Amino acid sequence: MKRAGGIVRWAVPVLAVAALAAAASAQDPCIDCHAAQELDEAAAVHLRQFRDSAHGAAGVSCADCHGGNTSTFVELRAHKGVLNSAHRDSPANHWNLPRTCGRCHDAEFQALQQSAHYPLLERRVRAAPTCRTCHGSVAAQSLGVEGGLQGRCNRCHGPDADHEVAGIPGEAGQEALARGGRNLARLRSLGQQRAGVSRSVLRLRDPSKRHEAADALFAINDSWDEAIEAGHAFHWSDWERALDAMASAIGELRSALEAGGDH
């Protein structure tokens, strides 16, 4: 959406949150039906993880990624077109997953295509990371170093990996992983700070101050988007520049809010 004034630009994310909240109230027929079945432990965990995920909260249906017919509870009809993720034509197949996720996460998919990992995916190098490598199968969250991501990266980038066989550039290694981990931790911290200043902007009573603050918040959101895209492209320097810009913008807005005193 093009700019039509700071208040309009600020209203966009607010409306988006409201839309997600409305969508979250809808039940997914796939979950309703499968939850009523006698499930083994793995299936129950899978179902619970999706139900508690950001996708589940946003009203995304299992059928959006796996296919199927959500208008019926008749098993054969409901499962028509659903393919096991091991099938080469399944949207959830290892090789197809980036394009499937990219239907909603277009900017992230385009960024991934600019990374050194994407040519490996195109060549079907099994070790090449895909969306679930970093975000899990259904939890739809960044695993982070503490969530097991370090181990996954170590398969190709670790000290015991055969870099020549994996086709990894010579400079890749533990320092690159540590740098990425620091960026990810910083992104999470700045995300919390961004949420905090957003709430402060909402509490402003003076329309002119709220208008100015909304413009400043828009710049913060721009840096956030740039950081997300740089991270998905695995471009550490671009990621760090975006994080620096966001930290600076958050600091300036926080100082302006504290000086204004209109709450």
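Taken about its Cα centre, the stretch 173-263 carries a charge dipole of roughly 440 debye when the Cβ of each Lys and Arg holds +1 and the Cβ of each Asp and Glu holds -1. Per-residue Karplus couplings for the stretch 47-64, computed as 6.51 cos²θ - 1.76 cosθ + 1.60 with θ equal to phi - 60°, are listed in order as 5, 5, 4, 5, 4, 8, 7, 4, 5, x, 5, 8, x, 6, 9, 3, 5, 4 Hz, Gly and Pro entered as x. For 80, 209, the sequence from fewest to most other C-beta atoms within 10 Å is 80, 209. Choose one of 227, 216, 255: the residue whose Cα lies farthest towards the positive end of the charge dipole of the stretch 173-263 (beta-carbon charges +1 Lys, Arg; -1 Asp, Glu; about the Cα centre). My answer, from the dipole projection, is 255.
Among 142, 61, sorting on how many other beta-carbon atoms sit within 10 Å of each Cβ, with the fewest leading, yields 142, 61. Coupling constants for the stretch 194-210 follow from the phi torsions by the Karplus curve (6.51 cos²θ - 1.76 cosθ + 1.60, θ = phi - 60°), and in residue order they are 4, 5, x, 5, 4, 5, 5, 5, 4, 7, 5, 8, 6, x, 5, 5, 5 Hz; glycine and proline get x.
Each residue of the stretch 174-185 was assigned a 3J(HN,Hα) from its phi angle through the Karplus curve 6.51 cos²θ - 1.76 cosθ + 1.60 (θ = phi - 60°); the sequence is 5, 5, 4, 5, 4, 5, x, x, 5, 5, 5, 4 Hz, with glycine and proline shown as x.
Taking the Cβ of each residue in 70, 100 as the centre, tally the other Cβ atoms inside 10 Å and list the residues starting with the fewest. Intermediate results must be reported in sequence, preceding the final value.
Details: 70 15, 100 18.
In order of increasing Cβ crowding within 10 Å: 70, 100.
Read-outs: derived from the displayed coordinates by stated rules, not from any lab. As the structure is a computational prediction, the values presented were derived from the model and not from experiment. Reconstructed Cβ throughout: ideal geometry from the backbone, glycine too, with neighbour counts over all protein chains shown.
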